[in-house]
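Structure in structure tokens, see below.
Only the coordinates and a few stated rules stand behind these numbers; no lab work does. Keep in mind that what you see is a predicted model, and the values were worked out from it rather than measured. Cβ: placed from backbone, ideal geometry, glycine included. Neighbour counts: every protein chain shown.
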Amino acid sequence: MGENPRLIPNQLQKVACISVPIDLAGSSTQLAKPMNQLYMRQFLKSLNNKMVEKSKQFPNTIDVTRINQIKDFWEWDSQFTAKINGFKDAAAYYQASNALQFLGAIQIPTLLINALNDPFLSAGCFPEKLAKQHALFTFEQCSYGGHVGFAESFPNSQYWHESRVLDFFKSKTH
């Protein structure tokens with residue numbers, strides 16, 4: 001929404017984002033912590049499977065010989081994401097692609113909801129100061145919710161963030 005506001009269709013009136021790792025470098029570091037090993041292994045397994053398929057689709061362009069030795073996103077993004085997209089390494093990719101740097105340029109009402117107990121999010125994913133200074137950017141942090149959890153009740157599985165987003169879209173203000 002803030003990276004290139006001129007490309008936003010006029011029909012788009014409001015935007016809501018849930019559990020977004022807007023600080024890529026910080027979130028990558030957060031996911032590499034021992035408490036998140038299960039998530040990291042699952043992510044890497046899925047990404048590795050996709051990259052092996054891509055290497056078959058594009059022979060001699062993607063080197064997957066050491067793919068199973070990669071232990072975290074920094075390594076994975078340096079080996080694949082950065083190279084494929086023309087960046088020197090993961091740090092350069094994270095710097096250029098980090099959503100946090102674009103929030104100030106948002107030009108339509110935007111809601112971001114992140115939970116403090118989201119294991120994927122670093123401190124940089126909680127832009128409270130910017131939200132206080134930006135008339136069109138609303139940031140809400142919750143103590144609980146995990147990564148896109150926000151469950152209000154079981155077994156009906158009603159989710160608070162879904163109601164909050166609908167209220168945001170229906171409101172006359174942001």
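Along the charge dipole of segment 75-160, Cβ charges K/R +1 and D/E -1, which of 145, 108, 80 sits furthest on the positive end?
Comparing the listed Cα positions along the dipole, 108 ranks first.
Treat each spin label as a single point 7 Å out from the Cα along the C-beta direction, and report the residue 32 to residue 66 distance in nm.
1.5
Could you work out how far helix 37-57 tilts from the main Cα principal axis of the chain, as a 0 to 90 degree angle to the nearest 10?
It is inclined by approximately 60 degrees.
Another question, if that's okay. For 41, 164, 6, what ranking results if the residue with the fewest other Cβ atoms within 10 Å of its Cβ goes first?
Numbers: 41 11, 164 17, 6 5.
By the 10 Å Cβ count, ascending, the order reads 6, 41, 164.
Considering just Cα atoms, how many Å³ per residue does the convex hull of the chain enclose? Don't skip to the answer; put the middle values down first.
Working: hull volume 27.5 nm³, N = 174.
Output value, Cα hull per residue: 158 Å³.
Treating only the Cα positions of segment 26-96 as identical point scatterers, give the base-10 log of I(q)/I(0) from the Debye formula at each q in 0.12, 0.22 Å⁻¹.
Per q value, in the given order, log10 I(q)/I(0) is -0.31, -0.99.
Follow-up question, since we're still on this one. Tell me which residues come under 5 Å, amide H to amide H, from residue 16 once H is placed; ignore anything under 5 positions away on its chain.
111
Compute the acute angle (0 to 90°) between the alpha-carbon long axis of helix 160-170 and the principal axis of greatest extent of the alpha-carbon atoms of the chain; round to the nearest 10°.
For 160-170 against the chain, the angle is about 60 degrees.
Suppose every K and R has +1 on its Cβ and every D and E has -1 on its Cβ; what is the size of the dipole of segment 6-158 about the Cα centre, in Debye to the nearest 20?
Values: 14 positive and 11 negative charges, 72 e Å.
Around 340 debye, computed over segment 6-158.
Multiply the residue separation of residue 10 and residue 171 by 0.36 nm, subtract the distance between their alpha-carbon atoms, and state the gained length in nm to one decimal.
56.1 nm
Tabulate in residue order the Karplus-calculated ³J(HN,Hα) for segment 26-32, using 6.51 cos²θ - 1.76 cosθ + 1.60 with θ = phi - 60°, rounded to whole Hz; enter x for Gly and Pro.
In residue order, the calculated couplings are x, 5, 4, 5, 4, 5, 7 Hz.
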